[in-house]
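Participant: The structure follows.
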Amino acid sequence: MKILALGDIVGPKSVEELGKKLWNYRKENKIDFVVANGENASRGNGLDPDSAQNILDYGVDVITSGNHIWQKNALRDFLDSNKNIVRPVNFPSTSAGNGYTVVDCMGYKILVINVSGTIYMESLSCPFEAVERVLEKENGRYDISILDVHAEATSEKYALARCFDGKINVIFGTHTHVPTADNQVLPGGTGYITDLGMCGPKNSILGVKSEIIIEKLRTKMPVRFEFDDENIVFSGAVFDIDVDNFGKVTVNSVKRAEF
């Protein structure tokens, strides 16, 4: 099985380009399952129901998210009704939606968990304990497990990966919009990369027009962010895995992907 994980989808134009490219990429590279972070896919950040549905229709099997997921109020009912989109599991239990899901693929049940970091981000419950509770609750109910760590600090992402090495099959980081070069199989067998990068305009600054960010940093004055819509590139990683007749999962490789 090949699992494609895509970094933060930034802006409506990136969603539109996803519809033109993803199914072809899946076919050409024999991708069986796709998970993508969609928390910045709508204009003004956040994710609205129409964009979420488009992302799913365009070939993403599960959408993960992060700290911007609550910016579109209309999404909250969608989170409650659609099991193919998740919000960070360590938000309060009263929050809309779920922090993980279990979906079917090729006869296997795939557990997808989303968790938010707490270093330089909102003060949420402990991400380690939140993930442990999910694994304990769903023990024996899934074949393959995936974790999106939506966090700012690389140390926190790597600490979570080492903590759950051998307990979760695929772990990747999102949020910074900058891809890392540490794709690897950890000693316990978990496929890992610190950050998948961004699905968005290549020549922007984290998806926003460069001149706007430069102005803000130079003048320290408020500016209105506008997404750049040119030269959309999709960044992520492909996790190549095997499942034997006894249910043992082996991650063969983790390779950076860009298209």
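The values are calculated or read from the model by the stated rules, or taken from the named source; none is laboratory data. Computed from a predicted structure; not experimentally measured. Counting neighbours? That spans all protein chains shown, and the Cβs are built from the backbone with ideal geometry, glycine included.
Participant: Can you spot a residue in the range 185-208 that is part of a loop (DSSP other than H, G, I, E, B), on the phi > 0 side of the Ramachandran plot and charged (D, E, K, R)?
Facilitator: Within the range 185-208, not a single residue is part of a loop (DSSP other than H, G, I, E, B), on the phi > 0 side of the Ramachandran plot and charged (D, E, K, R).
Participant: Could I ask something else about it? Pick from the range 172-184 the residues that are in a loop (DSSP other than H, G, I, E, B) and of a type in the set (V, I, T): which of them is surrounded by the fewest Cβ atoms within 10 Å (Cβ to Cβ)?
Facilitator: Across the range 172-184, the extreme among qualifying residues is V178.
Participant: From L196, L206, grab the single residue that is within 27 Å of K109 (Cα to Cα), surrounded by 14 or more Cβ atoms within 10 Å (Cβ to Cβ) and of a type outside the set (S, T, N, Q).
Facilitator: L196
Participant: Before we move on, is N67 among the polar types (S, T, N, Q) and more than 25 Å from C105 (Cα to Cα)?
Facilitator: So N67 passes the test.
Participant: Could you please let me know if D240 is touching a strand residue (DSSP E or B) at 6+ places or on another chain (Cβ under 7 Å) and either part of a strand (DSSP E or B) or without any contact (Cβ under 8 Å) to a residue 60 or more places away in the chain (or both)?
Facilitator: Yes: the conditions hold for D240.
Participant: Which of (1) assigned to a strand (DSSP E or B); (2) touching a helix residue (DSSP H, G or I) at 6+ places or on another chain (Cβ under 6 Å); (3) not basic (K, R) does V35 not meet, given it meets every other one?
Facilitator: With (1) assigned to a strand (DSSP E or B); (2) touching a helix residue (DSSP H, G or I) at 6+ places or on another chain (Cβ under 6 Å); (3) not basic (K, R) applied to V35, the lone miss is (2).
Participant: Tally time: how many residues in the range 103-138 are in a loop (DSSP other than H, G, I, E, B) and more than 21 Å from M1 (Cβ to Cβ)? I'd like the intermediate steps shown before the answer.
Facilitator: Taking the range 103-138 as the starting set, the residues that turn out to be in a loop (DSSP other than H, G, I, E, B) are 106-107, 117-126, 138.
Filter once more, keeping what is more than 21 Å from M1 (Cβ to Cβ): 117-126.
Qualifying residue count, the range 103-138: 10.
Participant: Would a scan of the range 184-198 turn up a residue that is among the β-branched types (V, I, T), at pLDDT below 95 and within 29 Å of Y58 (Cβ to Cβ)?
Facilitator: no
Participant: Among (1) part of a helix (DSSP H, G or I); (2) under 15 Å from the mean Cα position of the chain (by Cα); (3) over 26 Å from S123 (Cβ atoms); (4) not hydroxyl-bearing (S, T, Y), where does E215 come up short?
Facilitator: So E215 meets the others, but not (2).
Participant: Starting from residues that are under 29 Å from D244 (Cα atoms) and surrounded by fewer than 14 Cβ atoms within 10 Å (Cβ to Cβ), keep the ones in the range 90-132 and report whichever is modelled with the highest pLDDT.
Facilitator: By that ranking, first place goes to D104.
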